[in-house]
Amino acid sequence: MQELAGFLAHLAFLLSIVLSGYEERAAAAGYFSGLGICYAPYTDGGQCKPQQEIDADFAKLKKYQTIRIYGVDCNQVKMVLNTAKKNNSKVFAGIFNLKNFDGDLKSLISQAKDSWSNVAAINIGNELVNRGLNSPDQVADAVKKARDILRGAGYQGPVVTVDTSGMLIKYPKLCHASDFCAANAHAFFSSQTKAQDAGKFARNEADAVSKAAGGKFTVITESGWPSSGQPNGVAVPSPQNQNAAIESLKNSFKDRDGQLFLFSAFDDKWKQDFDGSFGGEKFWGIEE
């Protein structure tokens with residue numbers, strides 16, 4: 001009888017762990033639904049798009065449930081939220097870096113304060129550790145500070161920092177500071193991965209990030225493939241390979257609702273190539 005009681009107690013303990021993980025996954029998954037897309041509201045020359053051009057862009061993005069944007073300049077948070085409300089979609093907003101942390105966060109709050117119900121999540125910085133702009137401690141502290149300020153402004157949703165899957169694995173404190181792990185994972189930058197395996201790559205990266213963070217839920221906040229540029233090993237940019245990569249990503253995340261943001265909505269002709277971009281920085285756009 002004592003052995004049975006011990007067995008049942010152990011079974012109950014294991015079940016509690018499983019249910020806890022399920023509840024965390026379910027709660028985090030509830031932040032997003034369907035497929036997300038990344039969007040930058042700039043013209044080919046790098047100027048701010050007016051509201052009517054953003055409206056026209058969003059008319060082509062109605063199949064995406066959440067739109068991820070990166071900054072607060074150009075009044076973009078307010079304009080994107082204006083359009084998102086019309087389209088019944090959500091916005092994953094953020095501040096791009098910590099150079100003007102206080103001012104940018106104040107601007108985000110000012111632009112979004114009347115539309116918190118349409119803000120699905122907020123990120124504090126994009127790949128700051130990967131780009132060598134800030135230390136993991138600095139980013140983690142900024143996320144915690146931002147969360148406190150946002151709560152005081154009436155926003156109750158998740159606050160995260162976004163970095164590459166590699167940096168999140170190396171520095172899990174970035175995940176621990178966030179309400180979920182937010183990972184950019186591009187198979188194209190893995191020279192051993194072909195376009196048709198992009199989905200498998202991103203899914204494996206998500207699992208590795210979660211494992212490094214003690215089982216914390218992970219969302220892939222960027223993943224895509226360029227349509228033009230130079231090859232990176234077996235990763236070859238082309239329109240055909242981009243289509244193959246996007247289909248692979250969609251298929252690999254069919255059973256992970258709300259856990260994938262494709263990169264990106266349109267070609268970003270305003271961007272500049274850098275060492276390691278393989279001449280493809282302008283050509284990640286999926287929609288015409």
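Projecting label points 7 angstrom from Cα along Cα→Cβ for R131 and R256 puts them 2.4 nm apart. Most simply put, the chain has about 5% antiparallel DSSP beta bridges, counting only bridges with both residues inside it. Overall shape: prolate for the range 103-189, with the ratio a/c of the largest to smallest alpha carbon gyration tensor axis at 1.5 or above and a/b above b/c. Measuring how big the chain is from its alpha-carbon positions, Rg and Dmax come out at 19.6, 76 Å. Net charge in the neighbourhood of K282 (other residues with Cβ under 14 Å of its Cβ; Lys, Arg +1, Asp, Glu -1) is -3.
The alpha carbon gyration tensor of the range 169-209 gives principal lengths a ≥ b ≥ c with a/c of 1.5 or higher and a/b greater than b/c, which makes the shape prolate.
Taking the inverse of the mean 1/r over every pair of distinct Cα atoms in the range 236-288 gives a Kirkwood hydrodynamic radius of 12.3 Å.
Relative to the compact globular guide of 2.2 N^0.38 Å, what is the alpha carbon radius of gyration of the range 132-285, as a ratio? Numbers along the way, then the final one.
Numbers: Rg = 16.2 Å, N = 154, 2.2 N^0.38 = 14.9 Å.
Dividing the Cα Rg of the range 132-285 by 2.2 N^0.38 Å gives 1.09.
Dividing the Cα radius of gyration by the Kirkwood radius, what Rg/Rh value follows for the range 66-108? Here the Rg-to-Rh quotient is 1.00. Angle of helix 101-112 to the longest C-alpha principal axis of the chain, folded into 0 to 90 degrees and rounded to 10: 80°.
Please report, in debye to the nearest 20, how large the charge dipole of the range 89-129 is about its Cα centre when each Lys and Arg carries +1 at its beta carbon and each Asp and Glu carries -1 there.
With only Lys, Arg, Asp and Glu charged at Cβ, the dipole is about 80 debye.
Ranking of C74, C175 by neighbouring Cβ atoms within 10 Å, starting from the fewest: C74, C175.
Each Lys and Arg adds +1 at its Cβ and each Asp and Glu adds -1 at its Cβ; summed about the Cα centre, the range 51-189 shows a dipole of about 320 debye. Highest mobility in the GNM of the chain, judged by mean-square fluctuation with C-alpha springs under 10 Å and restricted to G46, G276, G157, is found for G276. Tally Lys and Arg at +1 and Asp and Glu at -1 over the other residues with C-beta under 12 Å from the C-beta of A142: what net charge comes out? So the surrounding residues net to -1. Sequence-ordered 3J(HN,Hα) estimates for the range 205-212 from the Karplus curve with 6.51, -1.76 and 1.60 and θ = phi - 60° stand at 5, 4, 5, 5, 5, 4, 4, 5 Hz, glycine and proline given as x.
Remark: spin-label model distance S191-K173 equals 3.2 nm, labels positioned 7 Å along the Cα→Cβ axis. Projecting the Cα atoms of S33, S277, I246 onto the charge dipole of the chain, computed from C-beta unit charges around the Cα centre, puts S33 farthest toward the positive end.
How high is the relative contact order of the range 51-166, in percent, counting Cα pairs under 8 Å that sit 6 or more residues apart?
On the way: 163 pairs, mean separation 27.3, N = 116.
Over the range 51-166, the number comes to 24 percent.
Roughly how many debye, to the nearest 20, is the charge dipole of the range 176-277 about its Cα centre, given +1 on each Lys and Arg Cβ, -1 on each Asp and Glu Cβ, and no other charges?
Numbers: 10 positive and 12 negative charges, 46 e Å.
That gives a dipole near 220 debye.
In this label model, D141 and W116 are separated by 2.7 nm, measuring between points 7 Å along each Cα→Cβ vector. Estimated from the Cβ-Cβ distance and a Förster radius of 35 angstrom, the FRET efficiency linking R151 and E288 is about 0.30. Look at the alpha carbon pairs under 8 Å that are at least 6 residues apart: their mean separation over the length of the chain gives a relative contact order of 17 percent.
Please find the FRET efficiency linking K99 to Q240, where r is the Cβ-Cβ separation and R0 is fixed at 30 Å, and quote it to the nearest 0.05. Efficiency computed from Cβ-Cβ geometry: 0.15. For the range 114-122, the Karplus equation 6.51 cos²θ - 1.76 cosθ + 1.60, evaluated at θ = phi - 60°, returns couplings of 8, 9, 4, 5, 9, 9, 7, 6, 9 Hz by residue, with Gly and Pro reported as x.
Where a number appears in this text, it was derived from the coordinates with a stated rule and is not lab data. Please read these numbers as outputs of a predicted model, since none were measured by experiment. Here the Cβ is made from the backbone with ideal geometry for all residues, glycine too, and neighbour counts use every protein chain on show.
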